[in-house]
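Bear in mind that the values in this text are calculations on the coordinates, not laboratory data. Note that the structure is a prediction, hence the values are computed from the model and not measured.
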Amino acid sequence: MRFLANENFPGAAVAELRAAGHDVVWILTECPGASDQDVLARSIADVRILLTFDKDFGELAWMHGLASHCGIILFRIPMPSAATVGKHLLDHLHLRTDWADHFSVIEPGRGRMRALTRSF
């Protein structure tokens, strides 16, 4: 899968995802200090699922209408060790194939998804 790891996403988790064969771009090394709007725009332009601990992206996605080929995975878990974050994500990735077009929340012991598409 193609991911964009937000600046707050642990480097060890980025490395673990890459070692598992995922294509991960990390904001901390690509464009540190980028605004949330710029990070979201990059996720859309590069067709990547955003990985973050920042709850603000939920509001941004709904407000700006995130493109259907993208998605966001928000981690709402106590800040674990960096390796634990990668393990949490890898444990959840195999459960579904429709991460794009969803706002997903990974919490201790569960994950939730909500479609980003809107009907007007």
Give the long-range amide H neighbours of residue 73: residues separated by 5 or more places, or on another chain, with amide H under 5 Å away, using H modelled in the peptide plane at 1.01 Å from N. 50, 51, 52, 104
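Using the Kirkwood radius built from alpha carbon pairs, what does the Stokes-Einstein equation give as D for the chain at 4 °C and 1.567 mPa s, in µm² per second? Provide the component values of the computation, followed by the final result.
Numbers: Rh = 14.1 Å.
This corresponds to a translational diffusion coefficient of 92 µm²/s.
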For region 36-49, Karplus-derived ³J(HN,Hα) couplings (6.51, -1.76, 1.60; θ = phi - 60°; whole Hz; x for glycine and proline) come out as 4, 4, 5, 5, 5, 4, 5, 4, 5, 5, 8, 6, 10, 8
Among 12, 20, 41, the residue with the largest mean-square fluctuation in a Gaussian network model of the chain built from Cα contacts under 10 Å is 20
Of the residues 91, 54, 46, which exhibits the maximal mean-square fluctuation in a Gaussian network model of the chain defined by a 10 Å Cα contact cut-off? 91
Among 48, 110, 18, residue whose mean-square fluctuation peaks in a GNM of the chain (springs only between Cα atoms under 10 Å): 110
